[in-house]
1. Can you tell me which condition A:L117 does not meet? The list is (1) within 11 Å of chain B (Cβ to nearest Cβ); (2) in a helix (DSSP H, G or I); (3) open to solvent by 30 Å² or more (accessible area, probe 1.4 Å), and all the others hold.
2. Restricting to region A:204-221, name every residue that is assigned to a helix (DSSP H, G or I) and surrounded by fewer than 24 Cβ atoms within 10 Å (Cβ to Cβ).
3. Is there a residue being open to solvent by 10 Å² or more (accessible area, probe 1.4 Å), in contact with a strand residue (DSSP E or B) (Cβ under 6 Å, 6 or more places away or on another chain) and in a helix (DSSP H, G or I) anywhere in region A:129-143?
4. Can you tell which of A:L292, A:L246 is surrounded by 13 or more Cβ atoms within 10 Å (Cβ to Cβ), modelled with pLDDT of 95 or more and over 24 Å from the mean Cα position of the chain (by Cα)?
5. If you check A:V82, A:V73, A:V67, which single one turns out to be aliphatic (A, V, I, L, M) and within 14 Å of chain B (Cβ to nearest Cβ)?
6. Enumerate the pairs (first residue in region A:133-145 and within 9 Å of chain B (Cβ to nearest Cβ); second residue anywhere and at pLDDT below 95 and surrounded by fewer than 24 Cβ atoms within 10 Å (Cβ to Cβ)) with beta-carbon separation below 7 Å, excluding pairs fewer than 6 apart on the same chain, so at least 6 apart or on different chains.
7. What's the number of the only condition in (1) surrounded by 14 or more Cβ atoms within 10 Å (Cβ to Cβ); (2) of a type outside the set (K, R); (3) not in a helix (DSSP H, G or I) that A:V297 fails to meet?
Amino acid sequence: MKAVCWQSANNVRVDNVPDPKILNPRDAIVKITSTAICGSDLHIYGGYIPTVQKGDIIGHEFMGEVVEVGKGVNNLQVGDRVVVPSTIGCGRCYYCERDMWSLCDNSNPNGWMEEKLFGNITSAIYGYSHLLGGYAGAQAEYIRVPFADVGVLKVPKELPDEKLLFISDAIPTGYMGAELCDIQPGDTVAVWGCGAVGQFAMISAYMMGAERVIAIDRFPERLEMARKYAKAETINYEEVDPGDALKEMTGGRGPDCCIDAVGLEAHGVGVEDFYDQTKQKLKLETDRPHVLRQMMVACRKGGTLSIMGVYGGFVDKMPLGAAFNKGLTFRMGQMHGQKYMRLLLQLVLDGKLDPSFIVTHQLPLDEAPHAYKIFQQKQDNCVKVVLKP
Amino acid sequence: MELTPQDKSSEQSPESIEAGEKERWASLIGGGAMVLMGLRQRSLRGVLMAVAGGGLLYQGAKKQSTLKQAQEALGLNQPIKVEKTVTINKPAAELYSYWRDFEKLPTFMKHLESVTVLDDKRSHWVAKAPLDAKVEWDAEIIQEQENELIAWASTEDADIENSGFVRFKPAPGNRGTEVKVVMEYNPPGGAIASALAKLFGEEPDQQIGDELRRFKQLMEAGEIATTEGQPSGRD
């Protein structure tokens with residue numbers, strides 16, 4: 001089959017590789033009909049996530065059709081149309097049983113690496129480094145889905161892929177970002193990053209009772225999307241200081257909740273940006289925490305920070321004094337897709353959520369190298385690419 | 001913590017001291033503080049034997065140790081001790097009964113080729129060593145409490161002298177069972193030493209940790225997570 005294989009930083013290639021096989025009883029094989037490039041795939045693409053090896057198949061946002069099931073899978077049949085969550089959960093450990101699927105104890109066969117780095121093991125994610133399991137990813141014609149008897153969402157055949165695909169990753173991530181804010185009626189929610197996750201976080205925040213949503217980004221087309229589809233007020237941080245602007249927009253209080261939908265490759269301005277870019281290149285810090293710093297200073301006293309952008313290692317120059325003295329609450333984590341997918345499907349079926357607005361590019365799988373380039377460099381107004389195997 | 005009977009008050013008779021210590025060790029095994037004991041002692045095997053043999057073997061092991069102490073001071077022949085715990089979302093009885101069926105252990109202990117049960121106490125173990133070599137030994141259960149503990153030691157002629165115990169203890173708050181393995185082995189000397197040292201992995205802690213994680217996966221998820229045999233652009 002064809003698959004997108006990582007070669008080195010900023011270099012992917014579409015290779016011919018063997019088809020995946022059933023390896024365990026609870027496996028299924030899915031023929032992929034649509035797979036997206038997630039913003040967090042850019043961290044892999046750019047070489048920021050350790051333990052990615054040359055030849056690894058990447059990608060974790062996908063849907064398709066079941067073509068084979070293992071003998072331990074009784075609830076799926078060949079021909080079923082499915083959306084698969086990006087995080088892999090066994091469904092039977094303490095965490096999965098409590099709907100904390102991204103903290104699954106049992107899905108990561110390379111747990112020892114994570115245990116050394118993070119002190120504990122979390123769930124594996126498709127195509128997201130050997131640290132996070134080393135499973136082959138979804139930007140391919142077929143994929144092996146472990147623990148397919150739990151978490152996998154059967155979807156109706158009549159809806160187009162574009163309305164369903166993002167239930168795999170971007171929508172539940174945004175939704176969980178809003179949910180972690182514990183939004184109260186009347187709250188103002190600020191969202192850093194207007195990619196897919198940011199857009200869905202804004203839409204979700206309104207669903208949960210937010211009165212105002214403020215979006216922060218630097219690309220006009222993404223800010224325009226936030227205004228048009230997510231009904232957000234916007235701040236371009238290259239034009240105005242987001243801290244000052246947020247203060248003025250919220251009567252001097254600051255937003256009640258701040259959502260990070262950017263993560264470790266955040267861009268800043270001026271000296272701070274130079275500092276982080278340099279330290280990251282010298283491997284003195286792994287992640288660039290511009291958004292975290294801004295959120296800690298901008299948030300109102302007693303407010304909540306919800307972190308959905310991915311962080312991998314170590315950050316420095318964090319204004320912890322601000323967070324401590326203002327009594328902020330930090331909530332974060334990889335999304336628990338399996339917890340939200342049914343609800344999100346229902347919203348789509350009821351016509352309350354149409355995520356297809358996010359797709360700006362649809363390309364054949366063969367054009368993955370080009371797709372990664374335009375998405376990373378935000379060329380051609382690229383916000384979201386769907387690859388068609 | 002007092003570790004040696006000799007340090008006890010001289011007013012007590014030797015018999016009562018020995019009986020008291022025996023009881024204490026027995027209760028310690030049940031209660032779990034055994035681990036600390038074992039790791040603080042020069043020899044876990046000694047402690048385990050003491051429980052089985054009423055302290056005499058332990059004493060013997062301690063007293064024959066002038067040469068051993070000298071070797072230890074020089075850093076030679078140091079036994080390797082490993083302690084690892086994992087919490088498994090299953091009742092202790094279920095985990096104990098799977099483990100107690102030793103012939104099933106190779107399903108999650110990758111370095112084992114086979115275990116053959118000889119009788120209620122004794123079993124024969126075959127492990128894979130590098131370069132297609134094999135290492136074999138007989139092991140004997142020296143202490144056992146149903147659903148709680150299995151302690152073993154290799155018999156005298158083992159290729160690799162080892163001993164240890166696995167303990168199953170209910171975790172608080174309905175979180176399943178804490179499974180703890182404490183193991184000790186003596187890397188053999190001589191020409192095959194380096195090959196055999198790899199038997200338990202470059203890092204024994206990690207190897208035992210991996211095996212416990214596989215045991216947990218098998219017990220909870222019914223299968224062991226793997227990516228062996230999946231495609232990549234390296235094939």
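1. (1)
2. Within region A:204-221, A:Y206, A:M207, A:P220, A:E221 meet the criteria.
3. Among the residues of region A:129-143, not one is open to solvent by 10 Å² or more (accessible area, probe 1.4 Å), in contact with a strand residue (DSSP E or B) (Cβ under 6 Å, 6 or more places away or on another chain) and in a helix (DSSP H, G or I), which makes the answer no.
4. A:L246
5. Exactly one of A:V82, A:V73, A:V67 is aliphatic (A, V, I, L, M) and within 14 Å of chain B (Cβ to nearest Cβ), namely A:V73.
6. Qualifying pairs under 7 Å: A:G133/A:N110; A:G134/A:N110.
7. (3)
Residue by residue, here is whether (1) over 18 Å from A:E179 (Cβ atoms); (2) touching a strand residue (DSSP E or B) at 6+ places or on another chain (Cβ under 7 Å); (3) in contact (Cβ under 8 Å) with a residue 40 or more places away in the chain; (4) crowded, with 17+ Cβ neighbours inside 10 Å holds:
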residue	(1), (2), (3), (4)
A:G312	yes, no, yes, yes
A:K326	yes, no, no, no
A:T329	no, yes, no, no
A:K339	no, no, yes, yes
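The values are calculated or read from the model by the stated rules, or taken from the named source; none is laboratory data. Everything quoted here is computed from the prediction, not taken from an experiment. Positions of Cβ are backbone-derived with ideal geometry, glycine not excepted, and every protein chain shown enters the neighbour counts. Just the protein is used for accessible areas: all its heavy atoms, side chains included, with ligands, DNA and RNA removed. Shrake-Rupley method; radii C 1.70, N 1.55, O 1.52, S 1.80 Å.
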